[in-house]
Amino acid sequence: STFPRDPDAIRALAAGHPEPDMTPRYGHGFWEESWREVAYDLLLVFGRGLYPFYRSDKYYWPVAEYLAWLVRLGMRAATSRRDEALVDRALAGTLDATLEGTPEGAPEGTPGGTFSGGSRYNLVALQLQMDYQIRASSDYTHIEEMLDEILASFAAHAPAARHLIIKTHPLDNGLENWPRRLRRLTRRYNLAGRVHLVDSRRLAELNQNSMGAIMANSTVGLHALGDGIPVICLGDAVYDVAGLTHQRGLDSFWTDPDPVDMALAADLRRALAAHIQVRGDFFNPEGQRVAIEALTAKLLSP
């Protein structure tokens, strides 16, 4: 992106522009989007013979991805109650007292033991392995490399009573098998009982109650900054700016995160809304019309 990373340049872009209106105006249902997505992908597979030299940007073979979704939806129904109960404990500060698999009588303050005081946690917002935000705007070939980096630093530098909640992306298809990958990393760094993988729609609550959010470059970071929650980006993000995100490396983030300059965060919102973003919707007809008009105006403006 050519959007500036200098705080003064962001302030200058925001000057004179109002706070953006974040009221939802246009929307569409799940099926309105999904049938178009499925039709496109299946035509991509079964119509391939008509375009033998076409190079798809798809990370997964669409048929395998849709079959995986059937399994994922079935598993989500089976694990939803457990995940929501874990989120409840995290928000209530009672993770320490109710951890599954906590060794009975384990010494206080040791990994896998019971800790004094209310539980505190950092949030990791997982992104999609197939996302270009990962493939083109990070140095990771696989998100597991990022998780390895995070857990290694967490084990070495986070307070002993700190927990780590890893939130899956709502559109994750399950092919990466994050539970298995995370179990392997948790064993490697002796973090049993302190690292939790959850699939929940209560991302905003988890974000707002965390000690800080970690991600490659997810838009979750923008929400965290708006709430004044410390953020560290491990990839390339348009909002990874001094004064907004932690700039001193992951090891210091656990105990001494850089605070968010809320005035600069507001300037960033205004600058993005005024110069980059447009209101609209890909599938809602009225949203399409409004978006096309706004995009045309931006393209034709000096």
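Some observations on this one:
- Residue within segment 76-94 that is among the acidic types (Asp, Glu) and either touching a Cys at 6+ places or on another chain (Cβ under 6 Å) or over 29 Å from ASN177 (Cβ atoms) (or both) present: no
- Top-ranked residue of segment 276-295 - restricted to ones that are open to solvent by 60 Å² or more (accessible area, probe 1.4 Å) and part of a loop (DSSP other than H, G, I, E, B), ranked as nearest to GLY27 (Cα to Cα): PHE282
- One residue stands out among those in segment 22-56 that are in contact (Cβ under 8 Å) with a residue 24 or more places away in the chain and part of a loop (DSSP other than H, G, I, E, B): the one that is surrounded by the fewest Cβ atoms within 10 Å (Cβ to Cβ), which is GLY27.
- So ALA273, is it touching a Pro at 6+ places or on another chain (Cβ under 6 Å) and open to solvent by 30 Å² or more (accessible area, probe 1.4 Å): yes
- Residue identified as over 22 Å from ASP131 (Cα atoms), at pLDDT below 95 and not basic (Lys, Arg) among LEU268, LEU299: LEU299
- Single match in ARG180, ARG202 (criterion: free of Cβ contacts under 8 Å to residues at least 40 places away in the same chain and of a type outside the set (A, V, I, L, M)): ARG180
- Residue in segment 2-17 that is modelled with pLDDT under 90, open to solvent by 70 Å² or more (accessible area, probe 1.4 Å) and within 26 Å of ARG269 (Cβ to Cβ) present: yes
- Residue within segment 158-165 that is within 24 Å of VAL241 (Cα to Cα) and in contact (Cβ under 8 Å) with a residue 60 or more places away in the chain present: yes
- Residue within segment 241-256 that is more than 20 Å from SER138 (Cα to Cα), of a type in the set (Lys, Arg) and open to solvent by 20 Å² or more (accessible area, probe 1.4 Å) present: no
- Against the criterion of being within 20 Å of the chain's Cα centre (by Cα) and part of a helix (DSSP H, G or I), ARG72 qualifies.
The values are calculated or read from the model by the stated rules, or taken from the named source; none is laboratory data. Every value quoted in this text rests on a predicted model; they were computed, and no experiment measured them. Using ideal geometry, Cβ is built from the backbone for each residue, glycine included, and neighbour counts are taken over all protein chains shown. Just the protein is used for accessible areas: all its heavy atoms, side chains included, with ligands, DNA and RNA removed. Shrake-Rupley method; radii C 1.70, N 1.55, O 1.52, S 1.80 Å.
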